[in-house]
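Contents: one structure, followed by commentary.
The values are calculated or read from the model by the stated rules, or taken from the named source; none is laboratory data. Predicted, not measured: the structure shown is a model, and the values here were computed from it. Cβ sites come from the backbone with ideal geometry, for glycine too, and all protein chains shown count toward neighbours. For the accessible areas, the whole protein counts, side chains as well, though only heavy atoms, and no ligand, DNA or RNA atoms are used. Shrake-Rupley method; radii C 1.70, N 1.55, O 1.52, S 1.80 Å.
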Amino acid sequence: MPHTDSYTRFVNKPLGKKLAKTVGLPQPVPLRRHNKGDRLISGPILVVGDSPAADAIAKQLWADDYDVRRDPGLKQPFAGIILALDDVSHPADLSDRVLEVGTALRGLQSNGRVITILRDPQDATAATDASLMAARHGIEGFTRSLAKEMRRGATTNGIVLAEGVEMSAPSAQAALRFLLSGRSAYVAGQFITVSSAAGSLPADWDQPLADKVIIVTGAARGIGEAISETLARDGATVIGVDMPSAGEALTAVMNRVNGIAVQLDITDHNAGNRLLALAEERFGRLDGIVHNAGITRDKLLANMDAGRWDSLIGVNISAPLRINDQLLAALGQGVVVENFRITSLSSTSGIAGNRGQTNYAVAKAGVIGMTQALAARLAPTEGSINAVAPGFIETAMTDAMPTATREVARRMNSLQQGGRPIDVAETIAFLHADAAAGINGTTLRVCGQSMVGK
């Protein structure tokens, strides 16, 4: 599959670029994606603000030999801009710093990054401070709106620090690196909340999953294939699971990533225990699971039958619930590691709803509920559970959509193009690293800031 769609390739040629500009058509650009060994970003990084978070970020980036500036200078082009707003207590405090960023934006490089740093707007201890809450929620609105002003593949995202969590925390550092890098190519207008200082930094940022054993369901093709490849690239051993009917494709993927293939129907009521027994026999440990397997059975509710409804609910949410129960029952007993990680595929359909997908929306919204409910159970052992909600991702399923519908769906986001399975996979790999232990119970959208949902 090419890295860009045919329209994006056309408008990045001289004739297409001129035509698109003349008639006001979208002008998406090829996105910068991560390759093993890549630096986070190429070019100067401007750090705006004088809070402890700003100083910590500058110190970290300097230590990694990045070109960090604390002053925008005159017509200086930047590859990244980090705006520290964690010390803001009133909306009127924003003016100087955001306007400084506005000036610097004029020279932001193609595929540049803008990252805001803020304190948690949901923090209960500050809930009655009207000025403080207005400022923090204002920063959320600022970040989302600025993300929609980005052009040429650039993105804006935010890192939310809970009270008492500093930028030196492993998950804050990991989130900063993720958002600066090509790993977050299709993440725009989103917030990564760091709720604790849990976790540890890797010895090698290129191998953050070294020695881990992770199950991936639905691993034979599409997003599951990309997840398996990315986890293996980052050092993990993958146990790939799929239906017997996909056995040949699954074996090919697992052979490529040096994983093991397991032909298993995840709706089997003993599926979790069978996977646990396999992990114990082959590796003696299990570090995480990615609930990627899913199906669609689209129909308007007026035309829905029990077969379509029940089969989808069974695969997309009942199976992950049951498997989690079985795996977590073994937490701390020797095979399932203390800092066990779970990620699950949700969807923007589960956030915003989608015509003809009431069953799918139930399941994908259910994944978000499951994630929130299990977060507290995993937190004491530095484990975590998170959900990833893809938007329009270029897969065989979206290739089958009518051309006009597909083309509209591709352009209905801030990056004006569809994402790739690798974009979802990179986010999941980030969440499974030890450094991300302080990110727990969240749903992170990988949708290019799709114009649907909150």
### Query
In the range 213-225, how many are open to solvent by 10 Å² or more (accessible area, probe 1.4 Å) and more than 17 Å from I342 (Cα to Cα)?
3
### Message
Looking at D287 and the list (1) within 19 Å of L209 (Cβ to Cβ); (2) acidic (D, E); (3) free of Cβ contacts under 8 Å to residues at least 40 places away in the same chain, which single condition is not satisfied?
### Response
(3)
#### Entry: Answer residue from the range 212-253, given it is without any contact (Cβ under 8 Å) to a residue 40 or more places away in the chain and in a loop (DSSP other than H, G, I, E, B) and is nearest to A174 (Cα to Cα) among those
G235
### Message
Taking the criterion of being under 25 Å from I295 (Cβ atoms) and hydroxyl-bearing (S, T, Y), would at least one residue in the range 400-419 satisfy it?
### Response
yes
### Query
Which ranges mark the strands (runs of 3 or more DSSP E) fully within the range 106-204 that have 1 or more residues being over 18 Å from the mean Cα position of the chain (by Cα)?
113-119
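Report the residue count in the range 343-366 for those that are in contact with a Leu (Cβ under 7 Å, 6 or more places away or on another chain) and open to solvent by less than 10 Å² (accessible area, probe 1.4 Å).
So the count comes out to 3.
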### Query
How many of the residues in the range 227-251 are of a type in the set (A, V, I, L, M), within 15 Å of A293 (Cα to Cα) and open to solvent by 10 Å² or more (accessible area, probe 1.4 Å)?
2
### Task
Report yes if D310 is within 22 Å of G366 (Cβ to Cβ), in a helix (DSSP H, G or I) and among the charged types (D, E, K, R), otherwise no.
yes
#### Entry: Restricting the range 31-71 to residues that are in a helix (DSSP H, G or I) and out of contact with any strand residue (DSSP E or B) (no Cβ under 6 Å at 6 or more places or on another chain), the residue that is farthest from A172 (Cα to Cα)
A63
### Task
Please find, among A84, A63, A20, the residue that is surrounded by 17 or more Cβ atoms within 10 Å (Cβ to Cβ), of a type in the set (G, A, S) and either in contact with a Lys or Arg (Cβ under 9 Å, 6 or more places away or on another chain) or within 30 Å of G235 (Cα to Cα) (or both).
A84
### Summary
Filtering the range 284-306 down to residues that are touching a Ser or Thr at 6+ places or on another chain (Cβ under 7 Å), open to solvent by 50 Å² or more (accessible area, probe 1.4 Å) and outside any helix (DSSP H, G or I) yields R297
### Query
Which of the residues spanning the range 328-346 are under 19 Å from D211 (Cα atoms), outside any strand (DSSP E or B) and within 28 Å of the chain's Cα centre (by Cα)?
G332, V335
### Query
So which residues in the range 380-408 are touching a residue at least 12 places away in the same chain (Cβ under 8 Å) and part of a loop (DSSP other than H, G, I, E, B)?
E382, G383, G391, F392, E394, T395
### Summary
In the range 355-370, anything over 20 Å from V187 (Cα atoms) and touching a residue at least 24 places away in the same chain (Cβ under 8 Å) is listed as R355, G356, Q357, T358, N359, Y360, V362, A363, G366, M370
### Message
What pairs come out if I take residues in the range 162-183 that are on the phi < 0 side of the Ramachandran plot and pair them with residues that are open to solvent by less than 10 Å² (accessible area, probe 1.4 Å) and not aliphatic (A, V, I, L, M) whose C-beta lies under 6 Å away, six or more apart or interchain?
### Response
A169/G438; S171/G438; F178/S184; L179/N157; L180/G80; L180/R113; R183/E426
